[in-house]
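Some notes on the structure that comes next.
The values are calculated or read from the model by the stated rules, or taken from the named source; none is laboratory data. Bear in mind that the values here come from a model prediction, so they are computed numbers and not experimental data. Every residue, glycine among them, receives a Cβ derived from its backbone with ideal geometry; neighbour counts consider all protein chains shown.
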Amino acid sequence: MKVCKSLFALCFSVLIVFLVVAPMASAAQDTGKKIVVGLSADFAPYEFRKNINGKDEIVGSDIEIAKRVAADMGAELQIQDIAFDSLLPALDSGRIDMIISGMTPTDERRQNVDFSDTYYISRQVIVTRAEDTTKFKTMESLKGAAIGVQRGSIQQDIAKGIEGAKLSPVDKVSDIMLQLESNRVDAAVMEGPVADGQVLNHPDLAITDIQIPDSDTPMAIAVQKGNTELLGQINKTLATLKANNEVDKFVNDAFKLNSGESTGETAEQIKDKPKPNIFQIFWDYRNYYWQGIQYTLFLSAMGVLFGFIIGLIVSLLRLSQISVFRWLAMTYIEILRGTPMLVQLLIIHYGIAQAFNINFTVLESGIITLSINSSAYLAEIFRAGIQGVDRGQTEAARSLGMSYGATMRHIIIPQAIKSVLPAIGNEFVVIIKESSIVSFIGVADLMFQAQAVRSITYSALSPLIIAAAIYFVMTFILSKLLGIVERRLSASDQR
Ligand code: ARG
């Protein structure tokens, strides 16, 4: 009975968490016409995150363009912040309607998507540590250098063209700066206006005089191949914007917003401003972290809850007398335990969307992945628990005339669950940590928020340390709570 009670308590707490967090998650669901734009918000002044009056917002010149496109269509704009190299797959699978992310229309990309007219011409530059600008003066001087670029960008292609260059592709532009500062790379290929903003906030870095051949690169909006209707509407909006020179204005305003100049500071003042310390960062961005904690706890609780239910069923199949069931359960367990969770996540989120035309939201994909992944581990835990129950229990129950099902339900499973409760709790702790991978597809969990704070504050380490501390506190408290439950349970055994 005790076991049932604690199980009930567990489910109840999960429910509470659900009730608190669900409104937040479902707020995004709305009726009416909407248009979803995908972008990688690490690219100031074009698209970046900024703390505006204590609220996390995605801003930048591309956002202004997106707003105009949506307004002209009479649609509501929805923004999805996705890693740059996942944007094309996201568009291809229909998760987003268009990409506005400072994207250059290359021939290679044109094979998979259609591009709008050009809306802006950007240029490419080379950034190095300030003291190295004399060392790197020509393209030839970069021969054999270690070069940082954003994964999947044209900068990666440019760097590939440098003889003997050792490429180091990363997801976020802010990580490129980090690589430079920590001497992991010697130079980085970047978009000029982006580099301007970055060096302003990283006084130890500078833009070199190197002239990159064909360095002027256009930017355009991508839509799914053949979506001429949307493309037509986009081009119409772009034509008006360009006729009024509005895009340049958007870029200038966004640059000022990013550098802080819009608050009246000069470039010199920004450079000399002391860097905020870790406590300051935590306090300024506490809303980000708080939101991340809610998502992380919600995802983990859902993962364990569904993992529990699925795992129990799978373990019963695994122990079934019917060999087909046993075989199916075994395959399920082995495949899920034998492949990385990140791969499972991407298959569920992008693969399934494409193959079966089912579009899970990022949150749904996250919950599904965590649930099925942990169900495989929990199934094995349950099996061990069930097999660990003394055979005599079954024999006694059966000789009292109980059916196999009734024996399982009333005698074996309750004892098994009780004995594996600590292991289940452990799984919860593991899931809290592992759930951080969902940030990959854009779930706004704790890890995602930490990355966001990193790119807003230009601080590489502190936001991560804060996240680590929060993860630690959550798992520590949880293990202590589980310890108490466990002691209670064993005390009840002694009675
Ligand atoms: N223009 C470059 C490209 O198309 C880089 C764009 C990167 N955009 C971003 N939001 N990070 O590859």
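Within segment 98-139, track down each residue that is part of a loop (DSSP other than H, G, I, E, B), without any contact (Cβ under 8 Å) to a residue 60 or more places away in the chain and charged (D, E, K, R).
The answer is LYS135, and nothing else.
Scan segment 277-290 residue by residue and report those that are over 15 Å from VAL473 (Cβ atoms) and crowded, with 18+ Cβ neighbours inside 10 Å.
ILE281, TYR285, TYR288
Identify the single condition in (1) more than 12 Å from the ligand (Cβ to nearest atom); (2) outside any helix (DSSP H, G or I); (3) farther than 30 Å from PRO463 by Cβ that SER168 does not satisfy, given that it satisfies every other one.
Against the list (1) more than 12 Å from the ligand (Cβ to nearest atom); (2) outside any helix (DSSP H, G or I); (3) farther than 30 Å from PRO463 by Cβ, SER168 comes up short only on (3).
Would you mind telling me which numbered condition in (1) closer than 27 Å to VAL247 by Cα; (2) assigned to a strand (DSSP E or B); (3) within 12 Å of the ligand (Cβ to nearest atom) ALA188 fails?
(3)
Of the conditions (1) modelled with pLDDT of 90 or more; (2) more than 16 Å from the ligand (Cβ to nearest atom), SER182 fails just one. Which one is it?
It is condition (1) that SER182 fails.
Residue-by-condition table, conditions (1) of a type in the set (Lys, Arg); (2) at positive phi; (3) touching a helix residue (DSSP H, G or I) at 6+ places or on another chain (Cβ under 6 Å):
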| residue | (1), (2), (3) |
| --- | --- |
| ILE424 | no, no, no |
| GLY442 | no, yes, yes |
| LEU446 | no, no, yes |
| GLN451 | no, no, no |
| LEU464 | no, no, yes |
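Within segment 33-59, how many residues are out of contact with any strand residue (DSSP E or B) (no Cβ under 6 Å at 6 or more places or on another chain) and crowded, with 24+ Cβ neighbours inside 10 Å?
Residues that pass the stated criteria total 7.
Go through the residues of segment 95-114 one by one and say whether even a single one is more than 12 Å from ILE221 (Cβ to Cβ), touching a Leu at 6+ places or on another chain (Cβ under 9 Å) and of a type in the set (Gly, Ala, Ser).
Looking for residues that are more than 12 Å from ILE221 (Cβ to Cβ), touching a Leu at 6+ places or on another chain (Cβ under 9 Å) and of a type in the set (Gly, Ala, Ser), one finds none in segment 95-114, hence no.
Given the condition under 22 Å from ARG286 (Cα atoms), in contact (Cβ under 8 Å) with a residue 12 or more places away in the chain and not hydrophobic (A, V, I, L, M, F, W, C), answer yes or no: does some residue in segment 412-422 qualify?
no
What tally of residues in segment 60-92 results from selecting those that are assigned to a strand (DSSP E or B) and more than 13 Å from the ligand (Cβ to nearest atom)?
Residues that pass the stated criteria total 3.
In this structure, does GLY148 turn out to be under 21 Å from PHE48 (Cα atoms), of a type in the set (Gly, Ala, Ser), outside any helix (DSSP H, G or I) and near the ligand (Cβ under 9 Å from one of its atoms)?
no
Which condition does ASP157 not pass, out of (1) near the ligand (Cβ under 9 Å from one of its atoms); (2) among the charged types (D, E, K, R); (3) farther than 24 Å from PRO218 by Cα, if it passes all the others?
(3)
Of all residues in segment 94-131, count the ones that are more than 16 Å from the ligand (Cβ to nearest atom) and crowded, with 17+ Cβ neighbours inside 10 Å.
4
Looking only at residues in segment 255-276 that are polar (S, T, N, Q) and either surrounded by 15 or more Cβ atoms within 10 Å (Cβ to Cβ) or under 22 Å from ASP42 (Cα atoms) (or both), which one is modelled with the highest pLDDT?
Looking at residues that are polar (S, T, N, Q) and either surrounded by 15 or more Cβ atoms within 10 Å (Cβ to Cβ) or under 22 Å from ASP42 (Cα atoms) (or both), I get ASN258.
Every residue in segment 58-82 that is within 17 Å of SER455 (Cβ to Cβ) and touching a helix residue (DSSP H, G or I) at 6+ places or on another chain (Cβ under 9 Å), please.
Across segment 58-82, the qualifying residues are VAL59, GLY60, SER61, ASP62, ILE63, ILE79, GLN80, ASP81, ILE82.
Given (1) farther than 17 Å from ILE234 by Cβ; (2) assigned to a helix (DSSP H, G or I); (3) charged (D, E, K, R), identify the lone condition not met by ARG95.
Of (1) farther than 17 Å from ILE234 by Cβ; (2) assigned to a helix (DSSP H, G or I); (3) charged (D, E, K, R), only one is false for ARG95: (2).
Please go through segment 200-224 and pick out each residue that is within 17 Å of GLN179 (Cα to Cα) and assigned to a strand (DSSP E or B).
LEU205, ALA206, ILE207
Kindly evaluate TRP327 against the criterion of being of a type outside the set (Ser, Thr, Tyr) and closer than 30 Å to LYS50 by Cα.
no
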